[in-house]
Amino acid sequence: MSNHNTDDIEFEYPEAWKPEPGDIIKGVFEELDSGPSKYSPTGVTPIAVIRDDDGVRHSVWLSATVLRNEFKKARPQPGDPVAVKYIGPVKDGKGKVQYQHYRVKNLTPKKQAVDWGHIDELEEAAAEPEPEEPDEPQVGTVRPFRAEQPQLLDEAPF
């Protein structure tokens, strides 16, 4: 028998989110789990666990292909804020349901990437002296176009 305390381990799945068309669940993506499913060819379905703004955990069963693909596109990581909207069934011209339509948004703010690999090139370009040019172009010569180099500040602008 083990002496490990298991009081804080959750063995049950959080309550399943069962949306109606137009419903949205918004919260923090906590984990990607899996559970048994008779609808899956493998017998297992992925589950996205989301904690809503009230602190309640929900299981979003990714059994619908569109929902699963939306999560793949959004690529949430644990701790990322997400929103899931069930748009509803999409029907063909005869009224037969073709698929269930969902949208998933990863609400993590996007950050602009900085390419730090070129910092040395910026310093070197600023340090190179400009070649001197004659005041007046000589007849028959072509004056090269030079883009203005950015002006470097001695102090931070704030």
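We did not get these values from a lab; they are worked out from the coordinates using the rules stated. Worth saying up front: this structure is predicted, and the values here are computed from it rather than measured. Backbone-built Cβ (ideal geometry, glycine too); neighbour counts: all protein chains shown.
Here the Karplus curve 6.51 cos²θ - 1.76 cosθ + 1.60, taken at θ = phi - 60°, turns the phi angles of segment 68-83 into couplings of 4, 5, 5, 5, 4, 5, 6, 6, x, 10, x, x, 6, x, 9, 9 Hz, with x standing for Gly and Pro. Here's how it looks for D23: its modeled amide H is under 5 Å from those of Y86, which are all 5 or more places away or on a different chain.
With contacts taken as Cα pairs under 8 Å and at least 6 residues apart, segment 15-106 reaches a relative contact order of 31 percent.
Distances over 16 Å make up what percent of all Cα-Cα pairs in segment 15-106? Above the 16 Å cut-off, segment 15-106 has 54 percent of its Cα pairs. Residues whose amide H comes within less than 5 Å of that of D80, counting only those at least five positions distant or on another chain, are F29 (H built at 1.01 Å from N in the peptide plane). Amide H to amide H, with H built 1.01 Å from N, H101 comes under 5 Å of I87, G88, V90, counting only residues 5 or more places away or on other chains.
Order these by the 10 Å Cβ neighbour count, fewest first: F29, F71. Please list the in-between numbers first.
Values: F29 25, F71 21.
Ranking F29, F71 by Cβ neighbours within 10 Å, fewest first, gives F71, F29.
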